[in-house]
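Read the structure below first, then the notes.
No lab work stands behind these numbers, since they all come straight from the coordinates. Predicted model only: the values in this text are computed from it and were never measured. When we count neighbours, we look across all protein chains shown, and the Cβ atoms used for this are built from the backbone with ideal geometry, even at glycine.
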Amino acid sequence: MIFEPAQIEISELGCERDDRLLFENLSMTLESGQILRVAGPNGAGKTTLLRTIAGLFEIQEGEIRVNRLPLKECLDQVLYIGHKPQVTRDLTVLDNLKFLTGADEARLKSALGDVGLKGYHDSLVKELSQGQGRRCALARLWCVEAPIWILDEPYTALDVEMVETLDAQITSHVNAGGICLFTTHQPPQQLDYQTLELGHVD
Amino acid sequence: MSIEKRMLARELKLIAARPGDIFKPMWFLMLVISMVPLALAPDSDLLAEIGSAMIWVATLLALLLNTEHLFQSDFSDGVLEQWLFLDRPLAWLVGLKLIAHWLFHVLPLILITPIAGLMLSVSTEVLFALLATLFVATPALTCFSGLGAALTLGSSRSGILGVLVMMPLFVPVVILAAGVLIRATDGSDTLPLMALLGAFSVVAATLVPIAVSAAIRLNIGGSN
Amino acid sequence: MLEFQFESIAAFVEMTPHGVYVWPIYGLGLLVIGGLTWLNARQHRQAIRMVQRNLEREESHES
Amino acid sequence: MGWRWFHQWGSPRWFYERAGRWQLVCGWLALILLVAGSLWGLGFAPVDYQQGNSYRIIYLHVPVAFLAQAMYAAMALCAVVLFVWKMKLADVAMQSIAVMGFAFTVLSLVSGAVWGKPTWGTYWVWDARLTSMLILAFLYLGAIGLRAAIQDPDQAGKACGILVLVGVVNLPIIKYSVEWWNTLHQPASLKLTEKPAMPASMWVPLLVNILGYYIAAAYLVLGSMRAIVLERERRATWVKELIGRA
């Protein structure tokens, strides 16, 4: 599928947490087709920035507009995957995804095939390994139609093969007109991305 | 499938996965009720007199017990923050969750109170009044204790703080319900009080989810 | 209007028969207000000391 | 940065410096009024023909009971200011008022109970006023406990704000229901009613003390707010300058 041209406009964003200034006067515009990696040392505010853009944190200073509308009105266009498992351990893989995505069963099963969880749809999440649980959360990237992806450490607990699959999926997403923001400690080889360095504000 | 149906379906599946969640509060209720004659005296007249009030208080405590962690596991799994991306206002989703909770966790509790009533020799008329008050009052109680649960989400050492914080707000509900029970014992008209209780419940069930959603948003904004 | 209602100071203190109830309450009131004043002052002192410690630490870092 | 600028009340420094002076004025004023009012009430107001000297407790009990309720309303007002204008000073005020309000509520409960002993022959009756005061004490405790349980001060403040707002909406309902409950259960003879016709020589000192306690409360709240502002702003430059200079 092809997305309408999308745009995220961040202007003069500032954030302070626990009396520490994380970033200030952060302005940038992200357009369809762009991949942005947010980099920086631990505690630099990567997660805070991503969660702010995802609308999970209240904006302390500045403004974020998506397609010229305030962020709050556009949250259904955002797909956010964070540190937490985002799956319920006592439910099956399929039930978890059904609740979060609302997609039909056939689509979900094919997405599970894409992330290498074919045949696991009836397993409870607590029976899966950590990597498999992570794949289950990531499977949403194959069955949700949101133009803006915000991925916090998506590569954690993935094997080489899955990393490649994920890179390919991100590439095809932005080629279709999506936007992707992510953080990671190991820079991915096969992506064409820009980098935003955090942790240099004083 | 609409988000509303997905919410309810998920709740049902969670219950199927963790049936103990339903039974523990019932177990608690029956235990508390069994303690009453032991602490007081096995005198059935005496028990009948205080029985309905005891059952009310015990049900209230049992309800608090199973609402205390209403949002906790979804919050720590990170599922709760995904609610923000669903195409519905958070307060609406919270309302759905509370309705599901009431249907699947509170209603069963109410339905076993007649057994407790028989154990404490409560008369049939009073028993019906008791059931009616519980039925009408518990939506408000569920909403308030849900608020307590949401307010204390982010704090790791909250203990039963959510319960302590919300209990004073139960005063009007308890008083009105007691009024109904007293009138039922006298044989006088209970309808006006029931209507008042119902009105309180409806207003609480409409407004409190907004406060709950504010509390959840606040706690999501505070966690990493 | 301003006429002392008791015959002596002793009667004032005694306040027959209710002195035992009245005086402790006023004592408690004094205790609460005084205690809160003391607590505020202590909290204030502690805050100042904390800032001073931070300043000293920063100075020792710089030198 | 951090504190959103919202005329002077948004500036912690402005508040901290001004509040020191206000606190001093309030403190002395309260002291004068309270000493005058209390001595007047204790020694110079005429004896009540029904209750004897025990009624002299009202010169403490009534002002403190007024304050206990007014301070909850003040806390709710602060919560509104916090949510509408994001003014953090309102949160500081909320934190201070919760503690002071609780103290005054307990004081009014205890003084009410001690007054009850010679008047009704018992320390505690489930009188409507006593009961709703007790509930109020629990509401204050909730606000204090919730704040203590949440680490991040901003978040704790907002959580408290939600709780206080829900509480203040419920407070009149609680009061009415308790009153209704009371008439349902209690014989009217035990109802605590002030005699409407109180001679001026009795109510003038009461008025002085009411004013005195209100100002004393302002003094206490300001003092506690200053300490909290300093504590929260300990990393701000103005604090370092202020204390470094001293």
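Note on C:I9 and D:Q151: with the Förster distance fixed at 56 Å, the Cβ-Cβ geometry gives a FRET efficiency of about 0.55.
Rank the residues B:F144, A:F99 as a footprinting-exposure proxy: fewest other Cβ atoms within 10 Å of their Cβ go first. If you can, show how the numbers build up before the last one.
Working: B:F144 27, A:F99 22.
With the fewest neighbours first, B:F144, A:F99 line up as A:F99, B:F144.
Legend: Rg and Dmax of region B:146-207, from Cα coordinates, 15.5, 49 Å. Multiplying the residue separation of D:W124 and D:Y176 by 0.36 nm and removing their Cα-Cα distance gives an extension gain of 16.7 nm.
Using the Kirkwood radius built from alpha carbon pairs, what does the Stokes-Einstein equation give as D for region A:20-72 at 4 °C and 1.567 mPa s, in µm² per second? It would help to have the intermediate numbers written out before the result.
Values: Rh = 12.3 Å.
The estimated diffusion coefficient comes to 105 µm²/s.
Just need the Rg to Rh number for chain D, please, alpha carbons only, Kirkwood Rh. Spell out each step's value before the answer.
Working: Rg = 20.4 Å, Rh = 19.8 Å.
A ratio of 1.03.
Distant-in-sequence amide contacts of A:L196, defined by a placed amide H-H separation under 5 Å and a gap of 5 or more residues or a different chain, comprise A:R37, A:V38, A:A39.
Ellipsoid semi-axes for chain C, based on the Cα gyration tensor and the rule √(5λ), read 51, 11, 7 Å when sorted largest first.
Along region A:71-76 the Karplus relation, 6.51 cos²θ - 1.76 cosθ + 1.60 evaluated at θ = phi - 60°, assigns HN-Hα couplings of 3, 4, 8, 10, 5, 6 Hz to successive residues, with x for each Gly and Pro. List residues of region A:83-125, by number, whose backbone nitrogen lies under 18 Å from a label position 7 Å along Cα→C-beta of A:D159. Hits in region A:83-125 for A:D159 at 18 Å: A:112-121. Computed from Cα atoms, the angle from the helix D:128-149 axis to the main principal axis of chain D rounds to 20 degrees.
Counting only other residues whose beta carbon sits under 15 Å from that of A:T171, what net charge do I get with K and R as +1, D and E as -1?
On the way: positive: A:R37; negative: A:D114, A:E164, A:D167, A:D192.
Overall, the nearby charge balance is -3.
Grab the alpha carbons of region D:39-129, take their convex hull, and tell me the volume per residue in Å³.
Working: hull volume 9.9 nm³, N = 91.
With only Cα atoms used, region D:39-129 gives 109 Å³ per residue.
Once divided by 2.2 N^0.38 Å, the Cα radius of gyration of region A:1-138 becomes 1.24.
Shown is the FRET efficiency for D:L207 and A:R68, computed with R0 = 60 Å from the Cβ-Cβ distance and rounded to the nearest 0.05: 0.50. Once the trypsin sites (Lys or Arg not before Pro) in DSSP loops with at most 13 neighbouring Cβ atoms within 10 Å are cut out of chain A, the longest remaining piece is A:119-202. Size descriptors for region B:3-222: radius of gyration and Dmax over Cα atoms are 18.0, 58 Å.
Stretching A:E12 away from A:T171 to a fully extended chain increases their span by 54.4 nm, per 0.36 nm per residue minus the current alpha-carbon distance.
Of all DSSP beta bridges in the protein assembly as shown, what percent run antiparallel (nearest 5)?
Numbers: 17 of 34 bridges.
Roughly 50 percent of the beta bridges in the protein assembly as shown run antiparallel, per DSSP.
Please quote Rg/Rh for the protein assembly as shown to two decimal places, taking the Kirkwood radius as Rh and restricting both calculations to Cα atoms. We get a ratio of 1.04 for the protein assembly as shown.
Per residue, the Cα convex hull of region B:112-170 amounts to 102 Å³.
Report, as an integer, the average count of C-beta atoms from other chains found within 10 Å of each Cβ along D:150-161. Show your work: numbers first, answer last.
Working: counts 12, 6, 7, 2, 8, 7, 4, 1, 9, 12, 2, 2.
Taking the mean over all residues of the peptide, I get 6.
Restricting region B:89-132 to chymotrypsin sites (Phe, Trp or Tyr not before Pro) that sit in a DSSP loop and have at most 14 other Cβ atoms within 10 Å of their own Cβ leaves nothing. Shielding of peptide A:78-84 by partners, expressed as the average count of other chain Cβ atoms within 10 Å per residue Cβ, is 4.
Footprinting exposure proxy ranking of A:H83, A:H121, fewest other C-beta atoms within 10 angstrom first, gives A:H83, A:H121. Once you sort the root eigenvalues of the Cα gyration tensor of region A:162-202 as a ≥ b ≥ c, which label holds: rounded (a/c under 1.5), prolate (a/b larger than b/c) or oblate (the other case)? Oblate, because a/c is 1.5 or more while a/b does not exceed b/c.
From the helices alone, meaning DSSP H stretches of at least four residues, give me the mean residue ellipticity at 222 nm for chain B, per-run term -39500 (n - 2.57), in deg cm²/dmol to the nearest 500. Could the numbers behind the result be given before it?
Details: 12 runs with 175 residues, N = 224.
Value at 222 nm, helices only: -25500 deg cm²/dmol.
As a calculated quantity, the FRET efficiency between D:T183 and D:W238 at R0 = 51 Å, using C-beta atoms, amounts to about 0.35.
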